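Asker: Before we start, here is the structure in question, set down as structure tokens.
The values are calculated or read from the model by the stated rules, or taken from the named source; none is laboratory data. Just so you know, these numbers come straight off a predicted model, no measurement behind them. Cβ: placed from backbone, ideal geometry, glycine included. Neighbour counts: every protein chain shown. Accessible surface is based on the protein model in full, side chains and every heavy atom, while ligands, DNA and RNA are left aside. Shrake-Rupley method; radii C 1.70, N 1.55, O 1.52, S 1.80 Å.
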Amino acid sequence: MTAPFGPEPDELLFVPLGGSGEIGMNLNLYHYAGRWLMVDLGISFGDDSTPGVEILMPDPDFIVERRDRLVGLVLTHGHEDHIGAVPWLWERLQCPIHATPFTASMVRRKLEDAGLAGQVELASLPATGTVTLGPFEIGLIGVAHSIPESRALSISCPAGVVIHTGDWKFDPDPGVGEETDLAALERLSQDGVLALVGDSTNADVPGSSGSEGDLPDEFVRVFSGCPQRIAVTCFASNVARLRSVAQAADRVGRHCALVGRSMRRIVEIARENGLLGDVPPFLGERDAARLPAERVVMLCTGSQGEPRAALARIAAGNHPVIDLDPDDVVIFSSREIPGNEKAIGRVQSRLTARGIRVITDRDRPVHVSGHPARDDLARLYQVVRPRIAVPVHGDARRLAAHAQVARACQVPEVLVPENGGVYRLGPGPVGTVGQVKTGALFVDGTRLRRLDGPVFGDRQVMLHNGSVSATLVLDRRGLCPRDPIITVAGLCDGQEADAVGNELAEDVRDSVEALDARERRSDQAVVDRATRTLRRELRRSFGKRPVITVHVVRT
């Protein structure tokens, strides 16, 4: 449902097209003086509710229709839920992209893989300072997170200042990268902050997030108690975690090896941006396979149970190079992204069934989150003191938890947005001024399709109800000189399917030939009659409503 709106020139509007109602698919728009600014363009991953779908992203049609007024896309950091849709959607947007050097390196490789190298204006943002895009002056604020060069944004225009936090945490020892710049936030608060649009991922988690600086010592303790081969899985983009594992491995006399393409690529990007200079060179997969078990720690992709990632293949025993034996150890140093629990559980169960010991953060403190917990959010509100709180980056439960924290911190106005809502932040009181088209796209081979479109709908029906195809050969009178050919899939077994097909063929022939002569000359009338007959008989026999396709051939 959409509600038309005409933005006033002096209105500062916020329009989320993704990320407000789910974790992932972040796409946020700001409007002022007839111009639009986009912040982040990410993906999420399919789960059991979207069978056959691996990659999802927000539908950008609303802003594509206004791309002549889009001043640019600013990326807060390099995680997939913030940059992953860029190679898929940029050709529709045709706008400049702005990112810090590390994030730009990640995006550049994605664009190269997509055949877009050289076509995109990819501008490097300064580590700190400001950049002007149309009517917006955008300040870069360093924040700690589980990937280097994460940035919060101060978005300024005559209507006020908005702080868009991106993903962040408070961490006095982030390992790689800087601490969250409290001094910059305090300076902004002195001049007055209109709104804080903030990360809600851990808003329902009590306390504060832990520090990356505590992990190397814990890894040393865990590694020291494991005489066999050790594999650690985490997000490849968590450069600080790669450093923590490598440092701990070195301290216990083990070499650290990379297993998985994403691991190798992120280390390459980190090195070219001057990171990991204090970490010895990583070994490759074949080196790891040749080393004695007690001399190696492997960093593996696949912490979210991805079926084609290194760890899933190792668990299934079909990785081309790496294998694990009973009593070897696999450490999951990552959180479970909502929706991935079953996939992760399958990998862990396969490992356990093979006698491999699995350690998670429920067993030992081998992971710290990159997102703020409730006490961290409260501390941020006490520093920034915005007039409006706008929770984003979360499902409904997490957005509500974030809103509860903001109210407890006496924020005067709290807005819990939904994807597609058009919200006025200023001037005047916060309010909803419209609703625009939104939704999700999914990657279907080399194409993008709407999740609520007929292709995915038909696949859902076929998955649960099967499919039936009928081919009718009609003569000049519209009669069937031979029985229709009926193919039944997903409803019954082989021999039964033949018998069912023959029975349905008789029903369809009889019903079509019962049409009057004029109707038999109409292909559409024949298709409609055959479809109704098949639907009725299939519902009676199987209690199902399969996808039905009818073809008419005239001789």
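Asker: Antiparallel versus total DSSP beta bridges in the chain: what percent is that, nearest 5?
Answerer: 50
Asker: Would you please state the base-10 log of I(q)/I(0) at q = 0.09, 0.10 1/Å for the stretch 26-161, with intensities from the Debye formula using one equal scatterer on every alpha carbon?
Answerer: For the stretch 26-161 at q = 0.09, 0.10 Å⁻¹, log10 I(q)/I(0) is -0.26, -0.32.
Asker: Hey, another quick one. Computed over the Cα atoms, what is the radius of gyration of the stretch 267-402 divided by 2.2 N^0.38 Å, N being its residue count?
Answerer: Ratio of Rg to 2.2 N^0.38 Å for the stretch 267-402: 1.36.
Asker: Skipping prolines and chain starts, which residues have an amide H placed within reach, meaning under 5 Å, of the one on residue 444, given they are 5 or more residues away or on another chain?
Answerer: When sequence neighbours closer than 5 places are left aside, the close amide H contacts are 449.
Asker: Listed highest first by mean packing, meaning other Cβ atoms within 10 Å per residue, what order do 239-251, 289-301 come in?
Answerer: Packing proxy ranking, top to bottom: 239-251, 289-301.
Asker: Can you give the accessible area of residue 32, probe radius 1.4 Å, in Å² rounded to 10?
Answerer: 30
Asker: When the accessible area of the stretch 437-545 is split by element with a 1.4 Å probe, what percent falls to carbon and sulfur?
Answerer: The nonpolar share, carbon plus sulfur, comes to 45 percent.
Asker: Excluding residue 118 itself, calculate the net charge of residues whose Cβ lies under 13 Å from the Cβ of residue 118, where each Lys or Arg counts +1 and each Asp or Glu counts -1.
Answerer: Cβ neighbours under 13 Å give a net charge of -1.
Asker: Still on this structure, I have one more. In square nanometres and to one decimal, what's the mean projected area of the convex hull around the Cα atoms of the stretch 103-167?
Answerer: Across all orientations, the stretch 103-167 yields a mean hull projection of 5.2 nm².
Asker: Per residue, how big is the convex hull around the C-alpha atoms of the stretch 153-223? Give it to me in cubic angstrom, could you?
Answerer: Roughly 115 Å³ of hull volume per residue.
Asker: Further, regarding this structure: With a 10 Å radius around each residue's Cβ, average the other Cβ atoms per peptide and rank 325-338, 18-31, 151-164, 108-121, highest first.
Answerer: So the order, starting with the most tightly packed, is 18-31, 151-164, 325-338, 108-121.
Asker: I need the shape label for the stretch 270-346. Rule: rounded when a/c is under 1.5, else prolate if a/b > b/c, else oblate, with a, b, c from the alpha carbon gyration tensor.
Answerer: Oblate is the answer for the stretch 270-346, as a/c is 1.5 or above yet b/c matches or exceeds a/b.
Asker: Hey, if you put +1 on the Cβ of every Lys and Arg and -1 on every Asp and Glu Cβ in the stretch 1-114, which of 19, 60, 39 ends up farthest toward the positive end of that dipole?
Answerer: 39
Asker: Follow-up. Based on Cβ point charges of +1 for Lys and Arg and -1 for Asp and Glu, what charge dipole magnitude is obtained for the stretch 79-209 about its Cα centre, in debye rounded to the nearest 20?
Answerer: That gives the stretch 79-209 a dipole magnitude of about 360 debye.
Asker: In debye, nearest 20, what is the charge dipole magnitude of the stretch 265-344 about its Cα centre with +1 on Lys and Arg Cβ and -1 on Asp and Glu Cβ, if you could check?
Answerer: The calculated dipole for the stretch 265-344 is roughly 240 debye.
Asker: Ignoring ligands, DNA and RNA, what accessible area per residue does the chain give at 1.4 Å, in Å²?
Answerer: 42
Asker: Calculate what fraction, in whole %, of the accessible area of the stretch 212-352 sits on carbon and sulfur atoms when a 1.4 Å probe is rolled over the protein chains.
Answerer: With neighbouring chains kept in place, the figure for the stretch 212-352 is 46 percent.
Asker: Residues with amide H under 5 Å of residue 422's amide H, sequence separation 5 or more or different chain, H placed in the peptide plane at 1.01 Å from N; which?
Answerer: It is 433, 434, 435, 436, by chain and number.
Asker: Just to be sure I follow: if Rg is taken over the C-alpha atoms of the chain and Rh is the Kirkwood radius over the same atoms, what is Rg/Rh?
Answerer: Expressed as Rg/Rh, it is 1.07.
Asker: Convert 20 °C to kelvin, take the viscosity as 1.002 mPa s, use the Kirkwood radius over C-alpha pairs of the stretch 316-472 as Rh, and evaluate the Stokes-Einstein diffusion coefficient in µm²/s, rounded to a whole number.
Answerer: In µm²/s, the coefficient is 102.
Asker: Let me know the shape class of the stretch 397-493, please: from the alpha-carbon gyration tensor, a ≥ b ≥ c as square roots of the eigenvalues, rounded when a/c is under 1.5, otherwise prolate if a/b is greater than b/c, or oblate.
Answerer: Prolate shape, in that a/c is at least 1.5 and a/b is the bigger ratio.
Asker: When all C-alpha to C-alpha distances in the stretch 200-343 are sorted into bins of 5 Å, what percent of pairs does each bin hold, rounded to whole numbers?
Answerer: The percentages, shortest bin first, are 2, 10, 19, 23, 21, 15, 8, 3, 1, 0.
Asker: Same structure again: At 222 nm, what helix-only mean residue ellipticity would the chain give, in deg cm²/dmol to the nearest 500, using -39500 (n - 2.57) for each DSSP H run of four or more?
Answerer: Mean residue ellipticity, 222 nm, calculated: -9500 deg cm²/dmol.
Asker: Using the C-alpha atoms of the stretch 237-300, what convex hull volume per residue, in cubic angstrom, is computed?
Answerer: Cα-based convex hull of the stretch 237-300, divided per residue, equals 71 Å³.
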